[in-house]
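Enquirer: Supplied in C-alpha cells, the structure appears directly below.
The values are calculated or read from the model by the stated rules, or taken from the named source; none is laboratory data. Here the structure is a predicted model, which is why all the values come from computation and not from measurement. Cβ atoms come from the backbone with ideal geometry, glycine included; neighbour counts cover every protein chain shown. Just the protein is used for accessible areas: all its heavy atoms, side chains included, with ligands, DNA and RNA removed. Shrake-Rupley method; radii C 1.70, N 1.55, O 1.52, S 1.80 Å.
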Amino acid sequence: MVGKPQTLATTSAFEVLGPVMVGPSSSHTAGALRCAQVAASLVDGRVAQVAFTLWNSFAHTYRGHGTDRALVAGVLGLTTDDERIRDAFALADEAGLEYSFEVGGDDATMHPNTVDIRMESDTGAVATVRGESLGGGKVRISRINGVGVDVTGRYSTLFVSHRDVPGVLAALANLLAYAHVNIAFCRTYRTEQGGQAYSVFETDGAPADDVLAMVRGLENVDYATFISLSGAGAVVGPGVTAEELFDDGEQMLDACAELGLSIGGVMRTREQMLIGEARAAAEMARVITVMRDETSAPIQKPARSLGGFIGGEAKGIADASGRLAGALMGEVQTDAVARAMAVLERSAAMGVIVAAPTAGSAGVVPGCVLALADHLGASDEDVAEALYCAAAIGLNIQTGACVAGAEGGCQAEVGSAAAMAAAACAQLMGATPEQALTASSLAISNLLGLVCDPVGGLVEVPCQARNAIGVAAAFSSAQLALSGVRSLVPFDQVVHAMSEVGHALPASLRETARGGLAATPAACAACGGCR
C-alpha cells in the first residue's frame, strides 16, 4: 500500500452515504441539530433557556434551511431522522423550553456554518458553546465557555469539566480503568494553569451507566457527561484502522490492484474490517431501503415543499417519459432524473432522506444507481457494491476538498455527488477501477465552479434542477470513460482544483443566498410569497 498519510482513515462509508436524516440540508439541518444536541449534553440538568447566535451562512439561510427548527430539536434530544423536527417550536413550547435567535452576521475568522449556543438549565447551570457544521452532517464543538476545544462526538466520548489541579487526570484514568473502559485518546483544554479545565476522553464503547455517577463524584470534578450523536451511523472506534484504507485516488487504485477488486469491492472490504460484516450489511440495507422509498414515494404522491417552490416536478418528468425520453434524455436517464428530483421534493418537505453526500445533492447518487440497476436487472448485491464505490469516491473528495456548499459552492455538493454517481454507474456497467475513477474526474471537471445560490435560502430552487444536471453529468461522464475517453488531469489533482476554486468563490456564492440566482429581481419577488 502507498505510505501516504490517511487523514480520514477511520471514516465509515455510511458517514459518506449518510446520515439518514430529515431535510432539507445536511449541514444546516442535520449538522445544526447535532451541534445543539452535543451542546445541550455539556450542561448540567435540563436546558430551560437557550439563545442561538448565528454566523455567516447560518445567519443568512437559517429559516429556509430549517436551521432554527433543527437547533431547537437538538436541544430537545430529537434524532436527525425524526420527522417531528418540523414541529420543534411547538414541541419546545410544550416542554417549557424558552428559545431565541440572533443574527450575528458575517465573520471571516469563523467557519461558514457557526452557531453560538448560550444555555441555562433548570439547575441554574449556565454554559456557552460554539458549534460548527462541517458538511454532510459532521460537526465540531470549537469553544466551551470561551475555551478552545475540539469535540466532534464521532466516537464514544466522555466529557469532564474539572479544576486544573494535580492528580485529577490520574484519578479519572484510574476510575475508567477500574470500570474496564479503554481510553483511545484523551485531550485536556484549560483557561489557565490552575483554572477551569475540560478533558475529553474518546473510548472504545460507551461506559456503563454507573460510571458517570462515579466520575461526577470525584474531587475537583464539576460535571461529566457522555456524548452520543443522533443518527451517527456506523462510526468506528477511535484509532481503529485496517490495511485496505485509502484517502486519495492513487491509494485507492493501488488497493484495487493489490486485492484484485473493484473500487466498490475494496470499500466493502474496508468497511467490513472497520465495523464488522454483519453491521456493514445492516447499514447498507437500511441505506438502500431509504433510497428506494425517497426516489419513488414523491413520484407516486407529490407534496409541496415548505417554501412552496417545488413539488410535483418529479411526477411530471416521469409522466412525460414516453413522449420525450426517446428524443432527448433517453429512458434510463429520464428515470434517473425523475428519481433524483423526487428526493429533493421529499427533502424540501422535511421528509427522511439519505444525505449522499449531502441533502442538497442527495438525489444524484440514488437516482442514477437505482435507475441503471433496474434497467440492467442488477441484484441488491450489485447495487450495494455500486454504492460502496460511490462512497469511496466521496471519501476521497472529503479528504482532498469538501462537500459543503457553504465552504465550496454547489460544485462541492452536486459536483461531488455527480462524481460519486459516475463511478458507481461505470462500475455497474463493468468498468475497470481506472475507468470508474476517470468518470469521476470528468464529472467534477464539467461542474467545476458551480455556485451555491439557493433562492430564499431554501434548498429548492435551483437545487432540484441542479440534481437533474448532476445526473446528466454522471451518465455522460460514465459513458465517456467506458468509451475510452481519458481525463488529462488525474482525479486527485481535479479534487485539489475543486478545493482551490471553492476557496476562490466569494461568500455571496457559497450558500448565503446573497448572490447568483438568489439575488435576481425575479427570485427576490418570488420570496415575498414564499411559504
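Enquirer: Which is touching a helix residue (DSSP H, G or I) at 6+ places or on another chain (Cβ under 9 Å), open to solvent by less than 50 Å² (accessible area, probe 1.4 Å) and not small (Gly, Ala, Ser), of Pro454, Pro490? Spell out how you get there, then give the answer.
Expert: Working: Pro490 fails: open to solvent by less than 50 Å² (accessible area, probe 1.4 Å).
Being touching a helix residue (DSSP H, G or I) at 6+ places or on another chain (Cβ under 9 Å), open to solvent by less than 50 Å² (accessible area, probe 1.4 Å) and not small (Gly, Ala, Ser) holds for just one of Pro454, Pro490, which is Pro454.
Enquirer: Continuing with the same structure: Please indicate, with yes or no, whether at least one residue in the range 207-215 is under 29 Å from the mean Cα position of the chain (by Cα) and either open to solvent by less than 40 Å² (accessible area, probe 1.4 Å) or of a type outside the set (A, V, I, L, M) (or both).
Expert: yes
Enquirer: A further question on this structure: Report the residue count in the range 147-180 for those that are over 20 Å from Ala39 (Cβ atoms) and at pLDDT below 90.
Expert: Let us first name the residues in the range 147-180 that are over 20 Å from Ala39 (Cβ atoms), namely 163-180.
Among the residues that remain, those that are also at pLDDT below 90 are: none.
Adding up the residues that qualify gives 0.
Enquirer: While we're on this one: Output the helices (runs of 4 or more DSSP H) that fall wholly within the range 379-429 and possess 3 or more residues being crowded, with 24+ Cβ neighbours inside 10 Å, in contact (Cβ under 8 Å) with a residue 60 or more places away in the chain and out of contact with any strand residue (DSSP E or B) (no Cβ under 8 Å at 6 or more places or on another chain), or say none. I'd like the intermediate steps shown before the answer.
Expert: Numbers: elements: 380-400, 405-408, 416-428.
In the range 379-429, 380-400, 416-428 are the helices (runs of 4 or more DSSP H) which contain 3 or more residues that are crowded, with 24+ Cβ neighbours inside 10 Å, in contact (Cβ under 8 Å) with a residue 60 or more places away in the chain and out of contact with any strand residue (DSSP E or B) (no Cβ under 8 Å at 6 or more places or on another chain).
Enquirer: Could you figure out which of (1) touching a Lys or Arg at 6+ places or on another chain (Cβ under 9 Å); (2) over 22 Å from Ala513 (Cβ atoms); (3) charged (D, E, K, R) isn't true of Glu345?
Expert: (2)
Enquirer: Let me ask something else. Ser12 - would you say it is at pLDDT below 95, out of contact with any strand residue (DSSP E or B) (no Cβ under 6 Å at 6 or more places or on another chain) and open to solvent by less than 10 Å² (accessible area, probe 1.4 Å)?
Expert: When the stated conditions are applied, Ser12 passes them.
Okay, residues lined up against (1) part of a helix (DSSP H, G or I); (2) surrounded by fewer than 20 Cβ atoms within 10 Å (Cβ to Cβ); (3) free of Cβ contacts under 8 Å to residues at least 12 places away in the same chain:
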residue: Leu480; (1), (2), (3): yes, no, no
residue: Glu500; (1), (2), (3): yes, yes, yes
residue: Thr512; (1), (2), (3): no, no, no
residue: Ala518; (1), (2), (3): yes, no, no
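Enquirer: Further question: Can you tell me how many residues within the range 256-270 are at pLDDT below 95 and crowded, with 24+ Cβ neighbours inside 10 Å?
Expert: 1
Enquirer: Residues of the range 128-149 being at positive phi and either of a type in the set (S, T, N, Q) or surrounded by 23 or more Cβ atoms within 10 Å (Cβ to Cβ) (or both), which ones? Write out each step before concluding.
Expert: Filtering the range 128-149 down to residues at positive phi leaves 135-137, 145-146.
Of everything in the range 128-149, those that are at positive phi and either of a type in the set (S, T, N, Q) or surrounded by 23 or more Cβ atoms within 10 Å (Cβ to Cβ) (or both) turn out to be Gly135, Gly136, Gly137, Asn145.
Enquirer: Residues in the range 60-80: is at least one in contact with a strand residue (DSSP E or B) (Cβ under 6 Å, 6 or more places away or on another chain), surrounded by 21 or more Cβ atoms within 10 Å (Cβ to Cβ) and of a type in the set (Lys, Arg)?
Expert: no
Enquirer: Another question, then. Those residues that are surrounded by fewer than 24 Cβ atoms within 10 Å (Cβ to Cβ), touching a Leu at 6+ places or on another chain (Cβ under 7 Å) and within 23 Å of Ala504 (Cα to Cα), I need them from the range 430-451; list them, please. Give the derivation first.
Expert: Our first condition is that a residue be surrounded by fewer than 24 Cβ atoms within 10 Å (Cβ to Cβ); within the range 430-451, this holds for 430-432, 434-435, 445-446, 448-449, 451.
Those left that are additionally touching a Leu at 6+ places or on another chain (Cβ under 7 Å): 431, 434-435, 451.
Val451, the sole residue that qualifies.
Enquirer: Output yes when any residue across the range 89-111 is open to solvent by less than 20 Å² (accessible area, probe 1.4 Å) and within 20 Å of the chain's Cα centre (by Cα), and no when none is.
Expert: no
Enquirer: Name every residue in the range 32-58 that is open to solvent by 10 Å² or more (accessible area, probe 1.4 Å) and under 28 Å from Ala507 (Cα atoms), in order of residue number.
Expert: Arg34, Gln37, Ala51, Thr53, Trp55, Asn56
Enquirer: Taking the range 320-346, which residues are of a type in the set (Gly, Ala, Ser) and over 16 Å from Ser296 (Cβ atoms)?
Expert: The first filter runs over the range 320-346 and keeps only residues of a type in the set (Gly, Ala, Ser), leaving 320-322, 325-327, 330, 336, 338, 340, 342.
Hits for the range 320-346 are Ala320, Gly322, Ala325, Gly326, Ala327, Gly330.
Enquirer: Mind checking which residues of the range 151-161 are touching a residue at least 40 places away in the same chain (Cβ under 8 Å) and in contact with a strand residue (DSSP E or B) (Cβ under 7 Å, 6 or more places away or on another chain)?
Expert: Passing the criteria: Val151, Gly153, Tyr155, Ser156, Thr157, Leu158, Phe159, Val160, Ser161.
Enquirer: Residues that are under 15 Å from Gly23 (Cα atoms), modelled with pLDDT of 95 or more, more than 21 Å from the chain's Cα centre (by Cα) and acidic (Asp, Glu): does the range 59-72 have at least one?
Expert: No, the range 59-72 has no match at all.
Enquirer: Testing Phe185 on (1) hydrophobic (A, V, I, L, M, F, W, C); (2) open to solvent by less than 30 Å² (accessible area, probe 1.4 Å); (3) under 27 Å from the mean Cα position of the chain (by Cα); (4) under 28 Å from Ser12 (Cα atoms), one condition comes back false. Which one is that?
Expert: (2)
Here is a yes/no grid of residues against (1) over 28 Å from Ala386 (Cα atoms); (2) part of a loop (DSSP other than H, G, I, E, B); (3) among the charged types (D, E, K, R); (4) in contact (Cβ under 8 Å) with a residue 24 or more places away in the chain:
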| residue | (1), (2), (3), (4) |
| --- | --- |
| Leu442 | no, no, no, yes |
| Ser445 | no, no, no, yes |
| Gln464 | no, no, no, yes |
| Ala468 | no, no, no, yes |
| Ala472 | no, no, no, yes |
| Phe475 | no, no, no, yes |
| Gly484 | no, yes, no, no |
| Gln493 | no, no, no, no |
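Enquirer: Now, a different point. Which of the residues that make up the range 494-524 are closer than 17 Å to Ala422 by Cβ and out of contact with any helix residue (DSSP H, G or I) (no Cβ under 7 Å at 6 or more places or on another chain)?
Expert: In the first step, residues of the range 494-524 are kept if they are closer than 17 Å to Ala422 by Cβ; the result is 494-495, 497-498.
Ala497, the sole residue that qualifies.
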